[in-house]
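The next block holds one structure in the form of structure tokens; read it before the comments.
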Amino acid sequence: MGPVRTRTGASLTKCCSSMSENGPAVSWRRRRAITRRRGAEVVLAGQNYQETYDKAVEIQQVQGAMCVRPFDDAQIIAGQGTIGLELLEQAPKLEAG
């Protein structure tokens, strides 16, 4: 896969998303399709999070890639916090349901 341009104009050499083989069929198909449209290679691996993560680490080591975890990476956490603050600013009466 060659360079991919993101919406912000950043250039990615390759993006690979490791996803579990399990999950609600409709939402997982949609998630995979969206991820592929954004230029990523989707690798289906594992029956649970640990097996999927292990595959992502294997890909990282073989390809010399960087692995960004979805919940315990400092920049991801900061970005999620920023989104929360923006939501509160735009919709102060917003409630989680």
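We did not get these values from a lab; they are worked out from the coordinates using the rules stated. Since this is a predicted model, take the numbers as computed values, not measurements. Note that we place each Cβ from the backbone using ideal geometry, even for glycine, and neighbour counts take in every protein chain shown.
Brief remarks on what is shown
- Annotation for Arg37 and Val68: the two label points, set 7 Å from Cα along the Cα-Cβ direction, are 2.0 nm apart.
- Tyr49 paired with Ile83, simple spin-label distance in nm, labels 7 Å along Cα-to-beta-carbon: 1.6
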